[in-house]
Every structure is written in C-alpha cells, then in structure tokens.
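The values are calculated or read from the model by the stated rules, or taken from the named source; none is laboratory data. None of these values were measured; they are calculated from a predicted model. Quick reminder, even Gly has a Cβ in these numbers, built from the backbone with ideal geometry, and neighbours come from all protein chains shown. Note: areas computed on protein heavy atoms with side chains; ligands, DNA, RNA excluded. Shrake-Rupley method; radii C 1.70, N 1.55, O 1.52, S 1.80 Å.
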Amino acid sequence: MNCRSLAGAVIQTLDRNSCLRLLEDSSAVSHLAQTHAQVVVCGYKNDISTITKLIHKLCDFKAVAYARALFLSVPKPDLFLFNVLIRGSSNCGSPLSSVSLFTYLRNNTYLRPDNFTYAFTVSASSGIPDEKFGILLHAQAVVDGYGSDLFVGSSLVDFYFTFSKVEMAQKVFDRMLEKDTVLWNTMISGLVKNCCYEDSIAVFAKMAAGSGVRLDPTSVSSVLPAAAELQLLNIGLGIQCLSVKLGLSSHVHVLTGLISLYSKCGDMKTSKALFENIIRPDLISYNAMISGYTTNADSESSLRLFKELLGIGFQVNSSTIVGLIPVFYPFGHLLLTCGIHGFCVKSGIISNPAVSTALTTAYSRLNEIESARLLFNESKEKTLASWNAMISGYTKNGLTEKAISLFQDMQVSKMDPNPVTVTSILSACAQIGSLSLGKWVYDMIRRKGFLSNLYVLTALIDMYTKCGSIEDARKLFDDAPEKNVVTWNTMISGYGLHGHGQEAIDLFDEMMKSNIVPSAVTFLSVLYACSHAGLVDEGQKIFHSMVHDFGFEPLSEHYACMVDILGRAGKLEKALEFIQTMTVEPSPPVWGALLGACMIHKNTRLAQLASEKLFNLDPENVGYRVLLSNILSVDKKYAQAASVRQVVKQRNLVKTPGATLLEIGDIPYVFTAGDHSHPQKEAIYALLEKLSGKILEAGYKPETMTALHDVEEEEKELIMRIHSEKLAITFGLIQTNPGIEIRIFKNLRVCLDCHSWTKFVSKITERVIVVRDANRFHHFRDGACSCGDYW
DNA sequence: GTAGGGTTAG
C-alpha cells in the first residue's frame, strides 16, 4: 500500500476486515502507527484480535516498546496475545521481558500456559546468560504435560545446546515420542554449534536413512558445516548427491553450505562453479566465496568479489570484512589493510568486535604492533578474542614482556583467560625461558581443566623443553591422550635443542611407526637435531628419505639445515656443492649457515663468497658483517676486517644488544654486556677477577684476543666489555649455595670465548651450568659442554 | 548457509 491510499484511508471509516488488511499490508512502523489511529477511529480498540495483530506486526518491525505499551492498554489480554508478545520480545532482543511476562501470566492471571507459551519462553531463555530459567521452565512444562510436545521439545533441545549441555539435549531428543523435521534439524545444528561434528553427521545420516521424516534445505545446510570443518569431502559429496535427489540442491542456503565445504577442502574451482549456479546470490553466499578465496590465499579473487559486492550496492556486513582481512597479511598488504580499516571506521562496522579483532591480528602479523595496540585500546567492546589477538600479537612479534604484562592487565579487568590465552602465554614463557611463570600457568591450567586441550598441552611441552626440563616435557608427552603432528614436532625439536640427536631420531622413527603424517617442520626439527648433535650421515639419510620416500619438495629451510650439518662437520666444499644443486633460490639462512661454518673452520675464502651473497640479499643484517669481520681478523686480514666494520658504522646498522636472564627463586635478573647498574656489581666484578686468575692457571685462553689486534682502542674496549652471560653466571655463583645448578638464558648465541670460559668455570667451581642461547641448550659440567663444542 | 583469538623449526 502506498502513502496516498494510506492517507486516504485515515479519514475513512473502515470495517474490521479492511482494518485487518491494512495492518497486514503495512510495511513500516510509521504505517502501523497510522493504522493504529485508524483502528481507534473505527472503534476497534477493544477488539482483541485486531489489537493482537497490531502487536504482532509491531514486534515484526522491532517496535517492542510500542507493542508493550499497547499490550498494557488491553484490559483482558488472552493467552494468544501473551504468546505473541512473549515471542515478539524474545525476537527483539529482550528475552528477559519474555520470561517476566511468563511469570506474570502464571502468577497474576487465570490463564494457563500452553505448548506455544512454553516453546516461546524456553526459546527466550536461550538468550539469557543464566541457564536456570530454561531449566525451571523445562520442569514446569513437564508438570503441565507439555514435556513431549514437539514445539516445546525443539526449543528445549536448542536451549540445552546453547548452554553446551549436549547430553541433556540428547536426552530430550531421545525421549520425544514423535520427531519432525524441525526437531531433527535442531539436533543437527546444535551438535555443530558444540563442535560435535561426527555426531552431527551421524544424526543427519540417521534422519536421511530411517526416520521417515522429510529433509528440507535447513537439514542439509545444518550438517554441511560439520563436513566442512572436518574437511570430509566424501561425506560432503554424499550430502550433495542426496540433496540433488531430493531437489534441494538449488536452494541458496544449500549451495552456500557447499561452497564453504569445497573452499575449506581447497577446491575453489568447484566453489566458483556452485556460486555461478546461484540465480540470485545473496550477501551470505558472497561472504562464503570471499572467505573461501581468502583461506586459499587468492587475494586477487577475494578482492575482486569484494569490489563486485560494493559495486552492485550490497551493504556488506562484519562477516564480509572478517572473511576478507586475513588475505592481506600473508602478502604484506599493509596499505590495503589500512584502506579496509578506514572503510570500517567510515561505515561503523569497526564497532563489531570480530572486525576489530581481525584488524588487530592483521596489523600485528604485518609487524605493525603499535597500530594493533592503538586499535585494541580504542575498541569499545573488548572480547576474549580481542585480548587474545593482542597478546598473541605481542608473542608473535617477540615482545614477550608486553605479552605478559597485557595478560596481567587482562586479569585485572576480570576477563577470564581461556585455552587460547594460555597457549600464547606459554609460548611467551618458552621464549624468555621463565620456568617460574610457566609453572604458575601450569597450575592455572590444571585448575581450569585445560589440559585436555591439544594446543595447550603442546605449548606446555614446548615451554618445558625451552625452559630446560626436557624430562618433564617427555613425561607430559608420554601421558598425552592425544597427539598431533605439531605435538610430535615439538618434542623432537626439544631433543634437538638439548643436543640429544639420537633421541630425536628415535622419536621420529616412532612417529613414522605410529603412522603420523610428517610435515615440513617435522623434517626441519629432526634435521636440526642432527645438526646440533653432529650426526652427519643420519642427517643426509633423513634428507634423502624426505625427498624420495615421502615426496617432499625441500624448502630453502631444509637446504639451510643440510648446509649447517655439512658445514659444522667441516665439509665446507661439500656444503657449497650442495647449495649449487638447489632447485630453489638460496635464501639468506642458507648462506648464513655456510658463513657460520666458515667461522668455526676458519675458511676465509668461502666466507667472503657467502658474505657477498648475504650482503646483497640482506643488507641490513649486522650479524653477518660482524661474523665476516671476525673471520677476517682471525686470518690476520685486519684491513679488510676494518672496512667491513666501517660499513656497519657508516650505515648506522644496529646490532641486537646481548642480554642474559637469570632467575633466583622467582626473581628474574637481567644482565647486559658491561653492565654496571647492578647493586652488587662490586661483588660480581671481584669474583670475576678471582675466577679469571684461577681459570687462566687451569689453561683458559681468552678467544677474543686473537681477533682484536687491529681494532681501535675505543672499539676494543667496547668489544671487551664483559658479556652478559659471564656477569649472570658470576652473580649466580654468589647467590646460590655450592653444588646448586645455575641456569641462564641468553637472547643471542653464546660466543666462542664465553663458551670456553664457562667450561673452565664449571670445572673449578664444580657446578653444573645450563645455558640456553638463541640456538640451543648447553649443559656445562666438569669442564665440558653437552654440545661437544658443536654449536 | 558466511565471520574474530592458539601450539612446532630458525
């Protein structure tokens, strides 16, 4: 009905049927208001069925306040009207008013609730944070004899699924004498909501095979996400065939579900074909396509569809944006990310927490951690996911202290950590080697029952290996009820970290026997373990097997590992030959491994070749230049060494400062090179002096001296500044009783001199000294190191 | 029917 006829209608007196038709045809709240006036003018304001219709319509347009006011003016509302308003309030996001209406109905009227009343009120109670309302209603419904009503049953099943009470939902479902399509569908989608994907598929199969109930598009589109989540293409295919047979396959919901399934299985070609089959694709089907292209790293298509969507005038929603954003960061598209950010701000979508979380993640993955933090600070509604995104942003960028301090802020603001939070924090503990914090988190994990989560367990194993307790890690690993490839990789690389090459290989063999499919990282982990333990032949065998038995195309990282293995073993020429066989362009780490080997084996010629490549590939990296300068100095090529250092100076390249962490009890102490800030510095330097004398007597020769002949005075002093690990170890000797093991953590690789120094110190003080450097663990005992001088 | 946060190598 258009405005002119409506305006005309207002001045006419209409019969009841015309009034009702007018109500039926109203398409906005303003129309309804006029029609309301008309109803009053025509004398139907006490006609309950007309008023009920009006209230019903008002609710449809979300004018629930208006509807309630009108309801209050009705002298004797009947049950039907109560039911309409209970449902309406719930649909308008006021489930509490639904429940209070129900209570009013029971306590203050002569009316008795019927199956509709229960169904609507139970549905409403799914939207209230407190589960007690629904449980109470369930009991009352049973007492009133509606326990096996289909409508009531379906809403109860949905209610229990909403509160993750899967067993209760199942119980209600099983006890229903009669089951219809809606009840089955509720069961299928509820299981999906609770991540019981296999069960959901099983229920769907039962429904299709022997229930005698008709499948509808909702049945199919409810089960499809389960198949998609498990990437069960065969099951999906079966569902697709079935829906073709039943004539449901052209339904837009079904097609959208199939698009998502094929996308998650990596088949964008089929997804595209399905999408083209949709006669009138809606926003949700577009979203499914965009997110599909995004997860399959096709940024061009993803963006193309997004622009198409804007072009045809669709109002995009948060789902569109959240499905699009992750396509930006694998390709380093900072500008596009900023552009979308701007778009979100302008259109107001930014207020959606999922959107701002996705953007926070994007910025942090693009190493724009400050922008991420700004966005996080500005977001009004901070959900658990936004906290987690920010915390993991910090850990992924190596800003562990910030991650931990944000975690503390999170607890202050009463946000309860979940397994995702805990996983990130454990990763932070592993990074800085803080066993004390790690153990504290472990306590929390046990209290909250997160230990059954595989991510948490794996991160815990990693934390223990990186904090030095390889035995504790292994115990957790052995007791794990479930392991995936990452869990195995973590344990293998843990052994590598500690120089236990044979254990790593044994575990790898065991993994193969358990039929776990290895990943690229599996081979990297076991190869690094070989490198740390000097297992040259074993490493070569595994590399060969990786290519020929497992059909892996080696990545540049695998080559770097092999160069490392060969190079450390002194097979420098062989390493170079190996590089020349590479099918991919050698990356900086490949040449870096060769350069490192040149340092150990003092090969100036190859060092110059490797560094030339490195200076071209990675001109900003100071480490390589320092390394070359040292190699040249050792070879007495002082002029060349000086000119390498000159470049560093001229270009203002900054070397990461070395730092060492030592924990005494729960207190962490951080030392930097030449540190004079410590309150006990006098005692430290005095003991350092005393130790120096003793170890020189025992045969220690400072390694740096050989490299320093040509260095200018000022620079010499700079280099001679006592490295942080020496200060930390000395402090540890002062602070702990004889015989106690000392553990320190260094952010860079331990240098040759400190390594030698620590060996001697361990001998004369009869202490076990454990050093974790950027690369691996060194266990010093009685003048020797577990790495066999092989690092 | 579409959508946000987590573990493994270096």
Counting only residues in the range A:358-378 that are open to solvent by 20 Å² or more (accessible area, probe 1.4 Å) and either without any contact (Cβ under 8 Å) to a residue 24 or more places away in the chain or polar (S, T, N, Q) (or both), the one nearest to A:THR656 (Cα to Cα) is identified as A:ASN367
So, restricting to helices (runs of 4 or more DSSP H) that lie completely within the range A:14-86, which ones have at least 1 residues that are over 28 Å from A:LEU137 (Cβ atoms) and free of Cβ contacts under 8 Å to residues at least 12 places away in the same chain? A:16-25, A:29-41
Could you pull out the residue among A:GLU557, A:GLU577 that is within 37 Å of the chain's Cα centre (by Cα) and either surrounded by 16 or more Cβ atoms within 10 Å (Cβ to Cβ) or among the charged types (D, E, K, R) (or both)? A:GLU557
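Of all residues in the range A:647-669, which are open to solvent by 80 Å² or more (accessible area, probe 1.4 Å) and either touching a strand residue (DSSP E or B) at 6+ places or on another chain (Cβ under 9 Å) or over 30 Å from A:ILE742 (Cα atoms) (or both)?
Within the range A:647-669, A:LYS649, A:GLN650, A:ARG651, A:ASN652, A:VAL654, A:PRO657 qualify.
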Expected output for the range A:264-276 (first residue closer than 17 Å to A:LEU230 by Cβ, partner among the acidic types (Asp, Glu) and surrounded by 15 or more Cβ atoms within 10 Å (Cβ to Cβ), Cβ below 6 Å, 6+ apart or cross-chain) is none
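A quick yes/no check of all residues on (1) within 13 Å of DNA strand B (Cβ to nearest atom); (2) more than 30 Å from A:VAL648 (Cα to Cα); (3) not small (Gly, Ala, Ser):
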site	(1), (2), (3)
A:SER514	no, yes, no
A:LEU535	no, yes, yes
A:ILE565	yes, no, yes
A:THR583	no, yes, yes
A:SER587	yes, no, no
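Could you list, in sequence order, all residues of the range A:227-247 that are assigned to a helix (DSSP H, G or I), aliphatic (A, V, I, L, M) and either under 21 Å from A:GLY292 (Cα atoms) or within 9 Å of DNA strand B (Cβ to nearest atom) (or both)?
A:ALA227, A:ALA228, A:LEU233, A:ILE235, A:LEU237, A:ILE239, listed by residue number.
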Only strands (runs of 3 or more DSSP E) wholly contained in the range A:717-791 count here; list those with 1 or more residues that are polar (S, T, N, Q). none
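Rundown of residues vs (1) charged (D, E, K, R); (2) more than 9 Å from DNA strand B (Cβ to nearest atom), yes/no style:
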{"position": "A:GLU381", "(1), (2)": "yes, no"}
{"position": "A:GLU401", "(1), (2)": "yes, yes"}
{"position": "A:CYS429", "(1), (2)": "no, yes"}
{"position": "A:SER436", "(1), (2)": "no, yes"}
{"position": "A:LYS439", "(1), (2)": "yes, yes"}
{"position": "A:LEU451", "(1), (2)": "no, yes"}
With among the aliphatic types (A, V, I, L, M), modelled with pLDDT of 95 or more, in a helix (DSSP H, G or I) and over 28 Å from A:ALA119 (Cα atoms) as the only criterion, which of A:LEU224, A:LEU191, A:LEU274 stands out? A:LEU274
Selection within the range A:403-420 - away from DNA strand B (no atom under 11 Å from the Cβ) and hydrophobic (A, V, I, L, M, F, W, C): A:ILE404, A:LEU406, A:PHE407, A:VAL412
If the Cβ limit is 6 Å and pairs must be 6+ apart or interchain, which residue in the range A:462-483 that is under 25 Å from A:ILE744 (Cα atoms) pairs with which residue that is away from DNA strand B (no atom under 13 Å from the Cβ)? A:TYR464/A:ASP472; A:CYS467/A:LEU435; A:GLY468/A:ARG743; A:GLY468/A:VAL770
Show the residue pairs meeting these rules: Cβ distance below 7 Å; 6+ apart or different chains; first residue within the range A:152-181 and open to solvent by 40 Å² or more (accessible area, probe 1.4 Å); second residue among the β-branched types (Val, Ile, Thr). A:ASP158/A:THR186; A:LYS179/A:VAL213; A:ASP180/A:VAL213
